[in-house]
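This report concerns only the one structure given below.
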Amino acid sequence: MTPNFFLYLLTAAGVTYLIRMLPLVLVKKKIQNRFLLSFLYYIPYAVLSVMTIPAIFYATEHTLTAVAGFAVALLLAYRQKSLVTVAAFSCAAVLICELLL
Amino acid sequence: MQIQKNTFLKGIIDGIPICLGYLSVSFAFGIFSVESGLSILEAVLISMTNVTSAGQLAAVPIITGGGAFLELAATQLVINLRYALMSVSLSQKLHPNVRLFDRFIISFVNTDEVFAVASSNTGEVKRNYLYGLILTPYLGWASGTLLGAVAGNILPAIVISSLGVAIYAMFVAIVVPEAKKRSCTAMCVVFAIALSCVFKYTPLLCHIPQGFVIIICAVAASALFAAVMPIPQPESEDI
């Protein structure tokens with residue numbers, strides 16, 4: 001473990017903690033601004049989407065198997081299955097395709 | 001036996017479903033971390049100090065790639081900004097027996113799910129309940145990472161490769177139901193993905209570090225849709 005790792009760890013953990021801690025300690029009033037509320041509503045979905053695509057297509061040995069895993073995830077997520085179910089079947093789809101290739 | 005409301009034990013019990021969910025997500029994170037080149041200890045330390053799935057996943061490539069500290073800090077700021085709103089919201093629900101010192105501790109594990117469960121309580125939430133509610137998910141998050149990191153070191157390559165999609169599949173499982181429910185969310189998501197692909201596959205733009213790409217795409221899409229398609233007020237107060 002390098003000293004650099006600890007600086008990275010401190011940076012990530014510090015920023016994340018401050019974001020959570022400062023409002024809980026300081027803010028007493030409710031946010032009313034509609035734009036800000038909407039922005040904060042969209043952010044998590046936008047972030048997760050950007051992180052997933054196109055990265056998921058490079059997460060396995062072959063792009064084709066990743067496509068299969070992604071398709072299974074999309075289908076099950078659309079049917080409102082739980083996070084664990086979606087993940088498990090997506091992994092299984094990739095494994096089966098990897099074995100077939 | 002009826003578990004009394006707002007007690008430490010009730011908090012622990014309410015935290016169990018979150019804990020189980022976290023075990024699998026952090027397991028995937030552990031695998032992802034060692035596959036990216038981090039040690040088992042490093043992966044566990046990240047989970048124990050950050051306690052945030054998307055933020056940690058974005059941090060790992062920046063750390064292993066030797067990215068700039070500013071890139072890491074800015075990425076965490078944007079990805080985790082939603083917690084600020086949750087902390088603001090949670091601050092309105094705290095019982096007077098939650099002291100300033102408790103706020104410093106509770107906010108450390110104020111994740112999406114902990115916040116959701118705390119908010120679902122009717123009336124104010126007391127300090128002992130909150131301590132119970134953050135304990136079980138935190139343990140699940142840390143131990144799941146350890147298990148995943150160890151598994152990543154011993155499982156055969158083809159299995160690891162398959163498990164690599166797990167964390168992304170979970171993200172799909174979070175985004176799709178909400179996009180199905182609200183067309184504005186679906187449009188925002190498609191727009192963000194299109195931007196993300198532009199950055200990935202366009203010459204010159206593809207050299208921009210991943211952390212910045214996440215920030216640029218997510219902020220641009222969210223700001224645009226917040227301006228053009230703001231979320232109706234009564235709903236947004238529940239976030």
| remark: Per its Cα gyration tensor (rounded if a/c is under 1.5, else prolate when a/b beats b/c, else oblate), the stretch B:118-171 is best filed as oblate
| message | 7 Å from Cα along Cα→Cβ at both B:Ala220 and A:Ile96: what's the point-to-point distance in nm? | response | 3.8 nm
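Quick one: length gained pulling B:Phe69 to B:Thr122 fully straight, 0.36 nm per residue minus the C-alpha distance?
Details: separation 53, 0.36 × 53 = 19.08 nm, distance 4.16 nm.
Roughly 14.9 nm would be gained on extension.
So, counting K/R as plus one and D/E as minus one, what does the shell of residues with Cβ under 14 Å around B:Ala169 add up to? Show your work: numbers first, answer last.
Details: positive: A:Arg79, A:Lys81; negative: none.
Around B:Ala169, the surrounding residues sum to +2.
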| Relative contact order (percent, whole number), chain A, Cα cutoff 8 Å, 6+ residue spacing | 19 percent
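How high is the FRET efficiency from A:Thr85 to B:Leu204, r the C-beta distance, R0 51 Å, rounded to 0.05? All intermediate terms of the calculation are to be shown ahead of the outcome.
Details: r = 41 Å, r/R0 = 0.80.
FRET efficiency, A:Thr85 to B:Leu204: 0.80.
Among B:115-123, B:90-98, what's the highest-first ranking by average C-beta atoms within 10 angstrom per residue? Walk me through the numbers on the way to the answer.
On the way: B:115-123: 14.6, B:90-98: 16.2.
Most protected by this proxy first, the peptides run B:90-98, B:115-123.
Tell me, in nm to one decimal, what length is gained between B:Glu178 and B:Val190 on full extension, where the rule is 0.36 nm per residue of separation less the Cα-Cα distance? Don't skip to the end; give the middle numbers.
Values: separation 12, 0.36 × 12 = 4.32 nm, distance 1.29 nm.
My answer for the length gained is 3.0 nm.
Can you pull the semi-axes for the stretch B:1-103, root of five times each eigenvalue of the Cα gyration tensor, sorted largest first, whole Å? Show your work: numbers first, answer last.
Details: eigenvalues 195, 75, 21 Å².
They are 31, 19, 10 Å, listed largest first.
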| If each of B:Lys5 and A:Val25 carries a label point 7 Å out from its Cα toward its Cβ, how far apart are those two points in nm? | 3.1 nm
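Suppose a student asked you for the relative contact order of chain B, using Cα pairs under 8 Å spaced at least 6 residues apart; what percent would you report? Walk me through the numbers before you get to the answer.
Working: 272 pairs, mean separation 78.9, N = 239.
Rounded, it is 33 percent for chain B.
First obtain the Kirkwood hydrodynamic radius of the stretch B:1-58 from its Cα pairs, then insert it into the Stokes-Einstein equation at 37 °C and 0.692 mPa s, and state the resulting D in µm² per second as a whole number. Don't skip to the end; give the middle numbers.
Numbers: Rh = 13.0 Å.
The Stokes-Einstein estimate is 253 µm²/s.
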| What does the convex hull of the Cα atoms of the protein assembly as shown come to per residue, in Å³, rounded to a whole number? | 138 Å³
| query | What's the average, rounded to a whole number, of partner chain beta-carbon atoms within 10 Å of each residue's beta-carbon in B:223-232? | reply | 5
| said: With the crude spin-label approximation of a point 7 Å out along Cα→Cβ, what separation in nm comes out for B:Asn97 versus B:Val228? | reply: 5.1 nm
| query | Tell me, how many Å apart are the Cα centres for the stretch B:134-192 and for the stretch A:17-81? | reply | 10 Å
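Just the projected area, averaged over all directions, of the convex hull on the alpha carbon atoms of the stretch B:63-195: how many nm²?
Numbers: hull surface 45.7 nm².
Average of the hull's projected areas for the stretch B:63-195 equals 11.4 nm².
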| said: At 1.567 mPa s and 4 °C, plugging the Kirkwood radius over alpha-carbon pairs of chain B into Stokes-Einstein gives what diffusion coefficient in µm²/s? | reply: 67 µm²/s
| Calculated P(r) tail over 21 Å for the stretch A:14-101, as whole % of Cα pairs | 51 percent
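Bear in mind that the values in this text are calculations on the coordinates, not laboratory data. Everything quoted here is computed from the prediction, not taken from an experiment. Cβ sites come from the backbone with ideal geometry, for glycine too, and all protein chains shown count toward neighbours.
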